[in-house]
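The values are calculated or read from the model by the stated rules, or taken from the named source; none is laboratory data. Nothing here was measured: the structure is a model prediction, and the numbers come from that model. When we count neighbours, we look across all protein chains shown, and the Cβ atoms used for this are built from the backbone with ideal geometry, even at glycine. Keep in mind that these areas ignore ligands, DNA and RNA; they rest on the heavy atoms of the full protein, side chains included. Shrake-Rupley method; radii C 1.70, N 1.55, O 1.52, S 1.80 Å.
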Amino acid sequence: MISILPWVGAYIIGAVASFSLMSRIRLTIRERVSQKLNYSIEATRLKMASNLPLLTMEASETQNMLQRSSNPGMKLSNMIYNLLATILCVIQMITLSFFFTSLSHWLPVILLILQIPVLMLTSKGQKLSLALNYRQTEDQRRAGYLDSLMNGRNEQKEIRLLGLKDHLVKTWASQMTQLREESLALRKKAILLEYPGVALNFIASTVILLFAALMLPSQKLTAGLFVALYQGVAQFRVAYISFTITYRELLKTTGEVGFVRDFMQLGHSLLQNSNGDDRARTSFPEPLVEGIEFDNVTFRYPGSNSLLSGISFRLKPGEHVALVGENGSGKSTIVKLLLGLYSPEAGTIRADRQCYEEIDIQSLRQNITAAFQDYSNIALTLSQSVASGNPQVFGQDGWTPDMAVVEQAAALGGADEVANSLPGGWTQPIGKILDGAVDLSGGQWQRLALSRALIRHSQVLILDEPTSALDPKAEAELYARFMQIMRGRTVIVISHRLGSARMADRILVLKQGVIVEEGHHNDLVMVNGEYSRMWKEQSKWYN
């Protein structure tokens, strides 16, 4: 007996070690598969999202779909895992059910048929859960936004100054309470739906045991077989419980994968429609000879009245044009149409008589670029932030920019002055993300944004309020230098400060989506129309 103990010990140690090892191997493989799936599918999802039409991306429902389809690889991995687990439970239940043939050949069939209502009721409960998840997406996004406001670095000064913290916490708590109560109410309903299945299986188990117990006195069933049947019933109930859990999770993860599929189908459909014709795309005219023409262009945002109504004008090559008008008059919409970010609802945009629809979009954006008022603060090193305006400026490592090109653009946009003011110069990390970074003022960030726009050497440059963070004197100096340097290239300037518009060759005055006046500053002031009124209003502040 003593001689056997080492072998028994070795067996126990081997069994425990192998179980532990196999468990870790299984988890490692699952994690690896999940990572690969997430990388592959997420790359496709992000590429599709970045290629969606801008109007589609701006829609709230698109943002809801993006949130529901997040972590696609993880969702697919979980679905596969739960599918395999459910199949394993089904096999286990079928195998255990045939153990009861010693009582009746019909018993396995009855046990398996009883699982049909279990499947139906569990499916119904999970459909309700997915429907709630779908409905709550926007509320969850709203709660997430409130959370980001309370934790955001840039928002802190205003939130604390205005005493908004308690209000935001209260609003967030109210939103989360509503979401939680809805989820709990649905969970209770789902549990109630599962009760009939639980009851059926409990009754079936009880009947089997009673039937077996009644066979004991007549010795049609031995005590040993009764104990085996009792254990079989217990194992079948364990298998049933595991089955309901894994099947519920399978339905949940299948629904989540369905959200991913819905977004992919939307993206594929929109991209297919946008590229639906088989016409060969032409390159943007280089150089422009006749210019860019808006011919009776109309555009409106979904669910709103027409914003641009029958706009017609021509941008001549090398011309400097200013777009002026009150907020909402359509200036920025014209810019987005020029950049190909929006497509007109009616009318045509042409470059040298070539319709925009026939021009390759990459060629279009290589030749027309913009610096926006709502620019992004790209928080890398200073040189990388400027070079981000043209990825081709980066070297083979994709990280180190061509400094000659960067410095040339920086001299035009004013980022060279920012570099001279920083301790690390061009290699200085900026913003609040990287270690050792230095944050910049609004005016400095704007100079970087302007320099990024100038690094492409595009034929047409659009400046959409790019100097709003600069004081009027600095803005005027920058524009004067800029207009001189940009001679020979088409420039479109949007500015609420009409002093900058004086430097333009031509001014287009917009009002409620219509061009109401056109001409040079001096001529428009003399007309005593819309531009003259705006000029007099602004002049009061400087008298």
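Structure summary
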{"quantity": "Odd one out for Val207, checked against (1) farther than 21 Å from Leu128 by Cα; (2) β-branched (Val, Ile, Thr); (3) at pLDDT 80 or above", "calculated": "(3)"}
{"quantity": "Pair list, Cβ < 7 Å and 6+ apart or interchain, from the range 47-66 residues that are surrounded by 14 or more Cβ atoms within 10 Å (Cβ to Cβ) to residues that are charged (D, E, K, R)", "calculated": "Gln63/Arg141; Asn64/Glu138; Asn64/Arg141; Met65/Asp262"}
{"quantity": "Filtered residues of the range 79-110 (kept if surrounded by 19 or more Cβ atoms within 10 Å (Cβ to Cβ) and modelled with pLDDT of 70 or more)", "calculated": "Met79, Asn82, Thr86, Cys89, Met93, Leu96, Ser97"}
{"quantity": "Cβ pairs under 8 Å, 6+ apart, first in the range 391-404 and closer than 18 Å to Gln366 by Cα, second among the acidic types (Asp, Glu)", "calculated": "Val393/Asp402; Phe394/Asp402"}
{"quantity": "All helices (runs of 4 or more DSSP H) inside the range 377-450 with 1 or more residues being within 25 Å of the chain's Cα centre (by Cα) and among the acidic types (Asp, Glu)", "calculated": "none"}
{"quantity": "Close pairs (6 angstrom Cβ cut-off, 6 or more residues apart or separate chains): aromatic (Phe, Trp, Tyr) in the range 346-364, at pLDDT 90 or above anywhere", "calculated": "Tyr356/Ile349"}
{"quantity": "Pairs, first within 14 Å of Ser70 (Cα to Cα) and open to solvent by less than 70 Å² (accessible area, probe 1.4 Å) in the range 27-44, second at pLDDT 70 or above and not in a helix (DSSP H, G or I), C-beta under 7 Å, six or more apart", "calculated": "Asn38/Asn71"}
{"quantity": "Which listed residue is surrounded by fewer than 18 Cβ atoms within 10 Å (Cβ to Cβ) and more than 32 Å from the chain's Cα centre (by Cα), from Pro317, Pro302", "calculated": "Pro317"}
{"quantity": "Whichever residue in the range 482-531 is of a type in the set (Gly, Ala, Ser) and out of contact with any strand residue (DSSP E or B) (no Cβ under 9 Å at 6 or more places or on another chain) and, among such residues, is modelled with the highest pLDDT", "calculated": "Gly488"}
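Residues are listed down the side, and each one gets a yes or a no for (1) surrounded by 14 or more Cβ atoms within 10 Å (Cβ to Cβ); (2) under 14 Å from Lys331 (Cβ atoms); (3) in contact with a Leu (Cβ under 7 Å, 6 or more places away or on another chain):
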| site | (1), (2), (3) |
| --- | --- |
| Arg489 | yes, no, yes |
| Gly499 | yes, no, no |
| Met503 | yes, no, no |
| Leu508 | yes, yes, yes |
| Lys511 | yes, yes, no |
| Ile515 | yes, yes, yes |
| Val525 | yes, no, no |
| Met534 | yes, yes, yes |
